[in-house]
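K.L.:
Dropping a structure here in structure tokens format, bear with me for questions.
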Amino acid sequence: MSDHAAEEQISLPTRALVLSTVGTDGALHAEPIFVMSALLGHSDKAVRDCLARLAGEGLLVHDAGRGRGASYRVTAAGRAVIESDIGWAAYAHRVDAGLEPWDGWWHLTAFEVPERRRAARDALRRLLIELGAAPIQSGLYVHPHDLFDLVSQLAEHLEVPDAVRSFVTPSIRTGLVAAQGAEPTDDDPAEFARRTWPLDELADRYGVLELRLAAIEADADRLGGEELAAAMFAATAEAEAIHRDDPLLPARALPDDWAGSRARRAFMAAHAAVSARSELYRNSHSMSSFVAEIVRSLDETSEQFWQRWWPRFLDAYRAKLPPAATGLAQRD
């Protein structure tokens, strides 16, 4: 592996590593985490502290044992957080494959929540940002797809059901008026997206990830199984982190040869190479389920995909809400 790839390899946060090793049965065994953490430069103490924090946050429950012999199981809240990352990754691959068509209409979501319900207002704002919506002005967000049902369900959960409004338009224009000598150009979806979302920054991050995955694939024959598994876990966690910041726009709103699509192709190639050479990685329940969901999603209609994932996405966002974000904690 190149020096750059090795440097990137140790960037995986302990939290991401721990959550990525939860099995499809909800079980988590500490021994493999300690092994891979050491390869990624983390101390045993960092792993123990992370496991304790996740248990304290209600994402894991300690079952038995201590130290490297400990076992845990994921809670419903923990499962929701993990599945949300898997679902959005699967959706990204669907977008690349042209399975989520866009009708060219922009969806605007607006909300107005009184100051006394600030926590609920902040929760709605966080949800819109996490879903990839971009702010146009205070309380008004834009996205190529309709987010109203998900946002309104969350608003109802927060006990501000009348706070959200939704609008659609085929055209959004910004900039100077023609009388000042400049024609607005944002009728072009790609131009509007470039002005509205940080696509250049995302492209840079995806480019680094693509190189990292290509290095893993190229070096798969000469690296040990544990080292390969650790590198691939780290790259997967980085891919998930980028997906969380990616609005996952339709192809018409993206530059040609989009860096995100290239990185996802590199991910599947690296996954195949590492699976063929690393027993530890091949036997990883988390990675097998992660890739299996991507493959399954590519055989589904849009309706089938969303029927499966919509409730999980909603559960994941509800699981993140602090008590102060609900109306139950803020009644007059």
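The values are calculated or read from the model by the stated rules, or taken from the named source; none is laboratory data. Since this is a predicted model, take the numbers as computed values, not measurements. For neighbour counting, all protein chains shown are included, and Cβ atoms are generated from backbone atoms with ideal geometry for every residue, glycine included. With ligands, DNA and RNA removed, areas are computed over all heavy atoms of the protein, side chains included. Shrake-Rupley method; radii C 1.70, N 1.55, O 1.52, S 1.80 Å.
K.L.:
What angle, in degrees between 0 and 90 and rounded to the nearest 10, separates the Cα long axis of helix 302-319 from the longest principal axis of the Cα atoms of the chain?
P.N.:
80
K.L.:
Over the chain, calculate the relative contact order: mean separation of alpha carbon pairs under 8 Å at least 6 apart, over the residue count, as a percent.
P.N.:
26
K.L.:
What does the accessible area per residue of the chain come to in Å², with a 1.4 Å probe and no ligands, DNA or RNA counted?
P.N.:
Solvent-accessible surface per residue comes out at 48 Å².
K.L.:
Still on this structure: For region 31-107, I need the span (max minus min coordinate) of the C-alpha atoms along each principal axis, in Å, sorted largest to smallest.
P.N.:
Taking the Cα atoms of region 31-107, the three principal extents are 54, 28, 17 Å.
K.L.:
Size of region 43-195 along its principal axes in angstrom, Cα-based, largest extent first?
P.N.:
That works out to 73, 43, 28 Å along the principal axes.
K.L.:
Using a 1.4 angstrom probe on heavy atoms only, work out the carbon and sulfur share of the accessible area of the chain in %.
P.N.:
52
K.L.:
If you plug each phi of region 92-106 into the Karplus form 6.51 cos²θ - 1.76 cosθ + 1.60 with θ = phi - 60°, what whole-Hz ³J(HN,Hα) values come out, in order, with x for Gly and Pro?
P.N.:
These are the phi-based 3J(HN,Hα) values: 4, 5, 5, 4, 4, 7, x, 8, 10, x, 10, 8, x, 9, 8 Hz.
K.L.:
Going by amide H atoms built from the backbone, whose H comes under 5 Å of the H on Trp106, apart from near neighbours?
P.N.:
Amide H neighbours of Trp106: Thr169, Ser171.
K.L.:
What do you get for the angle between helix 30-39 and the principal long axis of the chain? Use alpha-carbon atoms, 0 to 90 degrees, nearest ten.
P.N.:
The angle comes out near 80 degrees.
K.L.:
If you average 1/r over every pair of different alpha-carbon atoms in region 179-288 and take one over that average, what Kirkwood value in Å do you get? Intermediate results must be reported in sequence, preceding the final value.
P.N.:
On the way: mean 1/r = 0.0645 Å⁻¹.
The Cα-based Kirkwood calculation yields 15.5 Å.
K.L.:
Follow-up. Extending each Cα 7 Å along its Cβ direction at Asp103 and Ala276, get the distance between those two points in nm, one decimal.
P.N.:
Roughly 4.4 nm, to one decimal.
K.L.:
How far is helix 259-277 tilted off the main Cα axis of the chain, in degrees rounded to 10, range 0 to 90?
P.N.:
20
K.L.:
Something else now. Tell me, rounded to the nearest percent, the portion of alpha carbon pairs in the chain spaced more than 34 Å apart.
P.N.:
Roughly 30 percent, once rounded to a whole number.
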